[in-house]
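The structure appears right after this line, and notes come after that.
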Amino acid sequence: LKIGYISSVYQSHLADVLIAMRDVFPYVKTNLFEMPTSAQGRSLEHGSLDVGILRAPVHSNQLKVKTLFFDPFTVVIPLTEKEFKHREQLILYIRNSPFIFFNKDFAPHYNEKLIEICGRLGFRPDIVHEANNVHSILQLVEAGLGVSILPSSLRQQYSYLKVSFIGLEGIPVNTEVVLAYKETNQNAALQWFVEHYGKGK
């Protein structure tokens, strides 16, 4: 079973599902591929992936897309005791900070979301550092090189890093995490995975 996933999903949940699947399909081998959404879409269409865990939109009429959950965005800054008593203080802080974000060609939809959120906050982000995976972005924030705005679910996955996650109340912008696969794929393990991966999310 060939599974694609993006760097910004909670990977321990994926491991839990694979452990449970082993009891049902003890002889199934799994291959995991960390890939951006666009590359997953192409691989799913060509059959080199069976299922993808990715973020909408998925631009393909060949694939079935199943919503897993909607993920709001949060501001991520280096760990600090600084308290932002007013929203305006946080906005001023991040608008005057260099931004660390995904490469635009690598994750164009993410970039659109970032520009939209910052636009709603009244400024355009100054993206100084770019990376192609979320762990690198968070490490750069931890090192004090700038700030970012990322999906809130990452707080759970990267709680060990020395960064602060600050919620963006009142900003109705989120990202949809989905499963994508070909309905014509009759792999029984795939059908089980699709049914069970979304549970508990």
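The values are calculated or read from the model by the stated rules, or taken from the named source; none is laboratory data. The model shown is predicted, which means the values in this text are computed figures rather than measured ones. Here the Cβ is made from the backbone with ideal geometry for all residues, glycine too, and neighbour counts use every protein chain on show. Only protein heavy atoms, including side chains, enter the accessible area calculation; ligands, DNA and RNA are left aside. Shrake-Rupley method; radii C 1.70, N 1.55, O 1.52, S 1.80 Å.
Provide the gained length on full extension for the span residue 92 to residue 162, in nm with one decimal, where the gain is 0.36 nm per separating residue minus the Cα-Cα distance.
23.0 nm
First select every other residue whose beta carbon is under 12 angstrom from the beta carbon of residue 51; then total the charges, Lys and Arg +1, Asp and Glu -1.
Value of the local net charge: +1.
Net charge around residue 65, counting only other residues with Cβ within less than 12 Å of its Cβ (Lys, Arg = +1; Asp, Glu = -1)?
Counting the neighbours of residue 65, the net charge comes to +2.
Leaving out ligands and nucleic acids, and using a 1.4 Å probe, what accessible area per residue does the chain come to in Å²?
Averaged over the residues of the chain, the accessible area is 52 Å².
In the chain, which helices (entire DSSP H runs) extend 24 Å or more along their own long axis, judged by Cα positions, while averaging at least -0.5 on the Kyte-Doolittle scale?
none
Amide H neighbours of residue 49 under 5 Å, at least 5 residues apart or on other chains, H built in the peptide plane: list them.
Those qualifying (amide H under 5 Å, at least 5 residues apart or on another chain) are 44.
Starting from the Cα of residue 16, move 7 Å in the Cα-to-Cβ direction to define the label point; list residues of the stretch 160-179 whose amide nitrogen is under 18 Å from there.
Only 160, 177-179 pass the distance filter.
Do you know the relative contact order of the chain, to the nearest whole percent, from alpha carbon pairs under 8 angstrom that are 6+ apart?
Rounded, it is 35 percent for the chain.
Pop out the carbon and sulfur fraction of the accessible area of the stretch 1-142 as a percent, whole number, probe 1.4 Å.
Of all accessible area on the stretch 1-142, carbon and sulfur atoms account for 49 percent.
So, with +1 on the Cβ of K and R and -1 on the Cβ of D and E, and no other charges, what is the size of the charge dipole of the chain about its Cα centre, to the nearest 20 debye?
The dipole magnitude comes to about 100 debye.
Kindly provide the chymotrypsin sites (Phe, Trp or Tyr not before Pro) of the stretch 104-136 that DSSP labels as loop, not H, G, I, E or B, and whose Cβ sees at most 10 other Cβ atoms within 10 Å.
Sparse-neighbourhood loop chymotrypsin sites (Phe, Trp or Tyr not before Pro): none present.
How far apart, in nm, are two points set 7 Å out from the Cα along the Cα-to-Cβ line at residue 124 and at residue 30?
Taking the simple label geometry, residue 124 and residue 30 are separated by 4.3 nm.
Taking the Cα centre of the stretch 71-116 as origin, sum charge times position over the Cβ atoms of Lys and Arg (+1) and Asp and Glu (-1), and report the length of that vector in debye to the nearest 20.
140 debye
Which entries in 85/199; 2/64; 66/104; 113/162 show an alpha-carbon gap greater than 28 Å?
Listed pairs above 28 Å: 85/199.
Using a simple spin-label model with points 7 Å from Cα along the Cα→Cβ vector, what separation in nm is obtained for residue 45 and residue 104?
2.4 nm
At a 10 angstrom cut-off on C-beta neighbours, averaged per residue, how do the peptides 23-33, 56-66 rank from highest to lowest?
Result, highest mean first: 56-66, 23-33.
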